[in-house]
Amino acid sequence: MPQYQPYSQIIQLLPVSRMNRYIHDGDNPDITEERKKATFDVDGFTEWYHGGEKRLQARREVEKYIEDHKELQDTHPTPFMSREELIDNSVRKVAGMAKYHEMIDMTNIEKTTYFIQMVHVRDGQAFSLHYLMFLPVLQSQASSEQLSKWMPPAISGTIIGTYAQTEMGHGTNISKLETTATYDPKTQEFVLNTPTVSGAKWWPGSLGKFCNHAIVVANLWTNGRCEGPHPFIVQLRDMDTHKTLPNLKSGDIGPKLGLNGSDNGYLLFDQFRIPRENMLMRHSKVLPDGTYVKPPHSKLAYSGMVFVRSMMVRDIANHLANAVTIATRYSCVRRQGELVPGAGEVKILDYQTQQYRIFPFMAKVIAFRIAGEELQEISKQLKKGEASQLPDIHALSSGLKALVTFEVQRGIEQCRLACGGHGYSHASGIPELLAFSCGSCTYEGDNLVLLLQVAKYLMKVAASESPSTNGICGYLHKKSQSNVSTLSSHKTYSDHQIVQDFEHATRRVVLQAFNKLKTESAMYKSHEAWNRCSVELTKAAKWHIRLYIVRILLLEVSQAPEDIRPVLRTLAKLYIFDLQVSNKGNFMDNRYMTPQQIDELKNGVWEALATIRTDAVSIVDAFAIHEIELKSVLGRRDGNVYPALMEWTKHSHLNKKDVPDAFDKYLKPIMEKIRAKM
Ligand SMILES: Cc1cc2nc3c(=O)[nH]c(=O)nc-3n(C[C@H](O)[C@H](O)[C@H](O)COP(=O)(O)OP(=O)(O)OC[C@H]3O[C@@H](n4cnc5c(N)ncnc54)[C@H](O)[C@@H]3O)c2cc1C
C-alpha cells in the first residue's frame with residue numbers, strides 16, 4: 001500500500017505562506033521543484049473546487065476518521081485479491097461502516113457518500129446500490145406513508161436494497177420487460193412472475209448474495225390492462241436466516257471487467273406475492289379495487305433519475321481527476337529522453353505531446369465537475385415538485401451522463417497511455433479507474449441510447465410552433481447575430497463571443513439533423529427515417545450538451561475568487577479552444593470561421609499548455625484526492641515512485657515462493673523427460 005502522510009500533519013509542518021503546502025521533507029526533489037513553482041494559492045483552489053469551506057471541512061473529517069480507523073481500510077491492495085477475497089474485504093468494511101454509523105448521515109448525502117466512497121473506493125460493494133439507487137429511488141417514488149415505513153430500516157441498514165430493472169433480454173427498452181406484476185383484487189396483492197429465462201433480472205448490484213430487498217421494476221397489469229413498467233419494493237431474503245424466500249431464485253452473475261467486489265446478480269420470480277402497498281405510489285397508484293390512477297405529470301417519476309445522474313456526473317468527473325492526478329504527478333518524476341542533446345533526460349511532462357495528452361482532460365475535470373454541481377442544484381428544485389422544466393432538465397441530465405462518461409473513459413485511457421508501461425500495471429491505479437468508467441458508459445442508460453433520447457427532445461423543440469428563446473434550448477430559435485465569427489485574437493476572445501460561436505455551431509448541427517430528418521420522413525416511415533438520421537442526431541445531442549457545459553463553465557469561472565481565476569480561465573480556454581480546433585469543421589461550416597481563426601485558436605491551445613505546465617502538479621494537488629482514494633503507486637504525493645513499485649511486488653502471491661508449484665507440477669516432469677533423452 002502507498003504510505004501516505006496524513007494531510008492534517010502535512011499542513012501543520014509547513015509555513016502558511018507557501019502557495020503549495022503539499023511539499024514535505026523526503027519527497028522526490030523533482031516533484032518538490034514543481035510545487036515550488038505554483039502561481040496560485042492551492043488551498044484557495046481546493047476550497048473553491050470542493051464547494052466552499054464547510055463542504056471541504058466535512059471531507060477532511062471523513063478522511064481523518066478513515067485514517068484513524070484501520071478496519072475501514074483495505075488489508076492489502078485489492079488488485080492482489082481473488083474475487084472471494086474482494087467480496088469478503090468489501091463486506092468486512094460494510095460491517096465496519098455499520099459500527100461507525102455516526103458517519104452515515106442522510107441529511108448530509110454528500111458527506112455520507114464521500115465516507116462510503118473512501119471506504120470502498122472503486123471495488124463495488126454490498127451497499128453501493130443501496131445508497132446510489134435504492135434510497136434515492138425510494139425517496140423520490142414512495143408516498144409519505146411508504147417513506148415512514150421503509151426509510152427507517154433502510155437508513156439503519158437492517159434493509160439492504162438494490163434497484164432491479166434490467167433483465168437478461170432487455171435493459172434499454174424497458175417497455176418490453178418480461179417481469180409482470182399482476183394485481184389480484186381478491187387478496188389485494190401483486191403477483192410477480194418471470195415467464196422466461198430472458199425475463200430474469202440480470203445485473204443489479206448486490207442482488208446476487210447480499211441485499212435482502214429490491215426495488216423491482218415490472219410491467220403492471222390491473223383490470224386486464226398493462227399500464228407499463230412500475231417500481232415495487234420487494235423483500236427477497238429472510239430477515240433472520242438471510243435465505244432466499246420461497247418462489248424466488250437468485251445468484252451472482254460472475255466476474256466482470258471491474259467492480260468485482262460487488263455481487264451483481266440475477267433474480268427470477270415464480271408467482272411471488274407482495275401486498276398492494278408495496279407498489280411505490282408517490283406518482284401513480286393502484287386502488288384496492290384495482291383502479292389504476294395515473295401520475296399527475298407523466299414525467300414526474302423521472303425526478304429521481306435526474307438526481308442519480310447528477311451524482312453520477314460529479315462522481316465520474318472525480319474519477320477523471322484521479323487519473324489526471326496520477327498521470328501528472330508521475331510525468332514529473334519520470335525522466336525519459338532528451339530535449340536538448342547532451343543536456344540530460346527531461347521530465348516527460350516537458351514534452352508538448354505529453355501535455356496535450358493530459359491537460360485537456362485536466363480542464364475537463366473542472367468543466368464536468370461544474371456541470372455536475374449545477375445539475376445537482378437543478379435536481380434539488382425538481383424535488384420540490386417543479387415539473388414545468390422537467391423535459392429540458394431530463395434531456396440535460398441524460399446528455400450530461402452520456403457525454404461526461406464517454407469523455408471520462410477516453411481521458412482515463414489517455415492517462416494510462418501517458419504512464420507508459422507502468423500505466424498498464426495495477427500499481428498505477430489506472431486499470432481500476434478505467435474498468436469503473438467503462439461500466440458507467442453502460443449502466444444508468446447506454447450512452448448512445450441516452451443521446452438519442454436527447455435528440456428526440458431537441459427535434460421536438462426545433463419543430464415547436466411557439467418557440468421560446470430562453471432556457472437551455474432557447475438558442476435553437478435565436479438568429480445568429482452575424483454570419484461570421486468576430487474572433488480576432490484568442491487573447492481577446494470574450495465569453496460573449498465564445499458563447500455566440502458555440503450557439504451558432506450547435507444551432508447549425510441541430511437544425512441540419514432536423515432538416516435531414518424532415519427530408520427522410522418525406523420518403524420513409526417515421527421510425528426508418530429516424531434510424532437513417534441517428535448518427536447525426538447523436539452528434540446534435542452532443543453539441544447541445546457541449547454548449548451547456550461551455551456556458552456554465554464560463555459563468556462559474558467568471559465568478560470564481562480573484563486569486564484563482566487566472567488559472568481557471570486558462571483551463572477553461574484550453575477546454576474550449578481544444579473543442580473548437582478538434583471539431584473545426586463545425587465552426588468553419590458555411591465559412592463561419594476562417595482557417596486563420598482556427599489557427600488563432602490553435603495558438604491559444606499551445607499557449608494554454610505551456611501556462612498550465614508550470615502549475616500542473618499544483619492544480620492536481622488542489623483536487624485534494626486522498627491517497628486512500630487514489631490507490632496509486634505512480635500518483636503518490638511524495639513522488640517516490642520507484643522504491644514503492646518494488647515494495648508493491650511484495651504483495652504478489654507468486655513471490656511467496658521462489659519456485660512456483662505449477663513449475664513442479666507441469667514443467668519439471670517434461671524437462672526431466674527431455675533431459676533424460678539427451
Ligand atoms: C456494471 C454494471 C452495473 C449495472 N447495474 C445495474 C443495476 O444495479 N440495476 C439494473 O437494473 N441494471 C444494471 N445494469 C444494467 C444496465 O443498466 C444495462 O446494461 C444498460 O441499461 C444497457 O442495457 P442493455 O444491457 O440492454 O444494452 P442493449 O440495449 O442491449 O445495448 C446494446 C447495444 O445496442 C444499442 N441499442 C439498444 N437500443 C437501441 C436503440 N433504441 N437505438 C439505437 N441503439 C440501440 C446500444 O447503443 C448498444 O450499443 C448494470 C450494468 C453494468 C454494466
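The values are calculated or read from the model by the stated rules, or taken from the named source; none is laboratory data. Computed from a prediction, not measured in an experiment: that's the story for all the values here. Neighbour counts are summed over all protein chains in view; Cβ atoms, including those assigned to glycine, are modelled from backbone coordinates with ideal geometry.
Worth pointing out:
- Positions within the range 155-171 being at pLDDT below 95 and of a type in the set (Ser, Thr, Tyr), in sequence order: SER156, THR158
For (1) at pLDDT below 95; (2) among the basic types (Lys, Arg); (3) within 23 Å of LYS37 (Cβ to Cβ); (4) assigned by TED's automatic domain parsing to the domain that holds LEU220, each residue gets a yes or a no:
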{"position": "PRO275", "(1), (2), (3), (4)": "no, no, no, yes"}
{"position": "LEU280", "(1), (2), (3), (4)": "no, no, no, yes"}
{"position": "LEU287", "(1), (2), (3), (4)": "no, no, no, yes"}
{"position": "GLY290", "(1), (2), (3), (4)": "no, no, no, yes"}
{"position": "MET311", "(1), (2), (3), (4)": "yes, no, no, no"}
{"position": "ALA317", "(1), (2), (3), (4)": "no, no, no, no"}
{"position": "THR325", "(1), (2), (3), (4)": "no, no, yes, no"}
{"position": "TYR330", "(1), (2), (3), (4)": "no, no, yes, no"}
{"position": "VAL333", "(1), (2), (3), (4)": "no, no, yes, no"}
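- Remark: ARG18 falls outside the filter, which requires a residue to be out of contact with any Pro (no Cβ under 9 Å at 6 or more places or on another chain), at pLDDT 95 or above and over 21 Å from TYR114 (Cβ atoms).
- Restricting attention to the range 53-101, the residues that are over 22 Å from HIS651 (Cβ atoms) and among the basic types (Lys, Arg) total 6.
- Matching residues, the range 77-113, being surrounded by fewer than 16 Cβ atoms within 10 Å (Cβ to Cβ) and either at positive phi or within 23 Å of the chain's Cα centre (by Cα) (or both): ASP105, MET106, THR107, ASN108
- Tally of residues being farther than 22 Å from ILE233 by Cβ and either within 16 Å of the chain's Cα centre (by Cα) or small (Gly, Ala, Ser) (or both) across the range 114-137: 8
- The range 186-196: number of residues that are farther than 19 Å from GLN141 by Cβ and in contact with a strand residue (DSSP E or B) (Cβ under 8 Å, 6 or more places away or on another chain): 7
- Inside the range 171-200, residues that are away from the ligand (no atom under 16 Å from the Cβ) and in a loop (DSSP other than H, G, I, E, B) make up a count of 5.
- Just one of the listed residues (GLU444, GLU432) is acidic (Asp, Glu), within 30 Å of TRP648 (Cα to Cα), in the same structural domain as THR353 (by TED's automatic domain parsing) and out of contact with any strand residue (DSSP E or B) (no Cβ under 7 Å at 6 or more places or on another chain), namely GLU432.
- Within the range 582-623, being touching a His at 6+ places or on another chain (Cβ under 7 Å) and either hydrophobic (A, V, I, L, M, F, W, C) or within 28 Å of ILE23 (Cβ to Cβ) (or both) holds for one residue alone: LEU601.
- Residue check, LEU245 surrounded by fewer than 22 Cβ atoms within 10 Å (Cβ to Cβ) and either of a type outside the set (Asp, Glu) or at pLDDT 95 or above (or both): yes
- Cross-chain or 6+ apart pairs with Cβ under 7 Å, the range 632-653 first and in contact (Cβ under 8 Å) with a residue 12 or more places away in the chain and outside the structural domain of ILE412 (by TED's automatic domain parsing), then surrounded by fewer than 24 Cβ atoms within 10 Å (Cβ to Cβ) and among the acidic types (Asp, Glu): ARG636/GLU627; ARG637/GLU627; ASP638/ASP27; GLY639/ASP27; GLY639/ASP30
- Flag for THR162 being touching a helix residue (DSSP H, G or I) at 6+ places or on another chain (Cβ under 7 Å), surrounded by fewer than 17 Cβ atoms within 10 Å (Cβ to Cβ), β-branched (Val, Ile, Thr) and under 23 Å from ARG309 (Cβ atoms): no
- Top-ranked residue of the range 402-436 - restricted to ones that are closer than 20 Å to GLU647 by Cβ and among the polar types (S, T, N, Q), ranked as surrounded by the fewest Cβ atoms within 10 Å (Cβ to Cβ): SER425
- Contact annotation: no residue pair with Cβ atoms under 6 Å, 6 or more positions apart or on different chains, pairs a residue in the range 156-168 that is under 7 Å from HIS213 (Cα atoms) and touching a residue at least 12 places away in the same chain (Cβ under 8 Å) with a partner that is among the basic types (Lys, Arg) and buried (at least 24 other Cβ atoms within 10 Å of the Cβ).
- Check on GLY290, part of a strand (DSSP E or B), in contact with a strand residue (DSSP E or B) (Cβ under 9 Å, 6 or more places away or on another chain) and among the small types (Gly, Ala, Ser): no
- In the range 157-167, the qualifying residues are those that are out of contact with any His (no Cβ under 8 Å at 6 or more places or on another chain) and within 9 Å of the ligand (Cβ to nearest atom), and the one that is farthest from VAL217 (Cα to Cα) is GLU167.
- Highlighted here are the helices (runs of 4 or more DSSP H) found entirely within the range 415-493 that include at least 1 residues which are away from the ligand (no atom under 16 Å from the Cβ) and under 23 Å from VAL313 (Cβ atoms): 430-440, 447-463.
- Put simply, of GLU503, GLU465 the only residue that is within 27 Å of LEU574 (Cβ to Cβ) and acidic (Asp, Glu) is GLU503.
- For ILE552: the one exception among (1) under 27 Å from HIS50 (Cα atoms); (2) part of a loop (DSSP other than H, G, I, E, B): (2)
- Residues in the range 137-156 include at least one that is within 14 Å of the ligand (Cβ to nearest atom) and part of a helix (DSSP H, G or I).
- When the helices (runs of 4 or more DSSP H) confined to the range 46-125 are screened for residues that are within 16 Å of the ligand (Cβ to nearest atom), those reaching at least 2 such residues are found at 83-99, 109-120.
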